[in-house]
Amino acid sequence: MTKLNANTPTVQTAQSNISFTKRIKSTVYEVNVYFSQTSKETINDKIIRLLKREVAS
C-alpha cells in the first residue's frame with residue numbers, strides 16, 4: 001500500500017482525463033475529471049453559470 005502525503009495530491013493524466021487522490025486525516029478521496037472534446041463552453045463559462053445558478057436558488 002502506498003502512503004500518500006496529506007499535502008500533495010497524486011495526479012495521473014491520460015489523454016484529457018485527470019485523476020487524483022488526496023488523503024485528509026484517515027479518508028482518501030479520489031477525484032476523476034473528464035473534459036469533453038466537443039464542448040463549446042469554457043471552464044470560465046461553466047463556473048459563471050454555476051455561480052449564477054447558486055445565487056438564484
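We did not get these values from a lab; they are worked out from the coordinates using the rules stated. Every value quoted in this text rests on a predicted model; they were computed, and no experiment measured them. Here the Cβ is made from the backbone with ideal geometry for all residues, glycine too, and neighbour counts use every protein chain on show.
Would you please name the trypsin sites (Lys or Arg not before Pro) within the stretch 20-57 that are DSSP coil residues with at most 11 other C-beta atoms within 10 Å of their C-beta?
On the way: sites: Lys22, Arg23, Lys25, Lys40, Lys46, Arg49, Lys52, Arg53; in loops: Lys25, Lys40.
Filter output for the stretch 20-57: Lys25, Lys40.
Treating only the Cβ of Lys, Arg, Asp and Glu as charged (+1, +1, -1, -1), what charge dipole size does the stretch 10-56 show about its Cα centre? Round to the nearest 20 debye. Spell out each step's value before the answer.
Details: 8 positive and 4 negative charges, 31 e Å.
Here the stretch 10-56 has a charge dipole of around 140 debye.
How high is the relative contact order of the stretch 10-56? Use alpha-carbon pairs under 8 Å, at least six apart in sequence, and give a whole percent. List each step's numbers first, then the result.
Numbers: 35 pairs, mean separation 11.0, N = 47.
The normalised contact order for the stretch 10-56 reaches 23 percent.
If each residue of separation counts as 0.36 nm, what is the full-extension length gain between Val33 and Ala56 once their alpha-carbon separation is subtracted? Could you put the intermediate results ahead of the total?
Working: separation 23, 0.36 × 23 = 8.28 nm, distance 2.62 nm.
Extra length from Val33 to Ala56 when fully extended: 5.7 nm.
For the stretch 15-57, treating each Cα as an identical point scatterer without solvent, what Debye log10 I(q)/I(0) comes out at q = 0.20, 0.21, 0.30, 0.34 1/Å?
Listed by q, the Debye log ratios stand at -0.83, -0.85, -0.96, -1.07.
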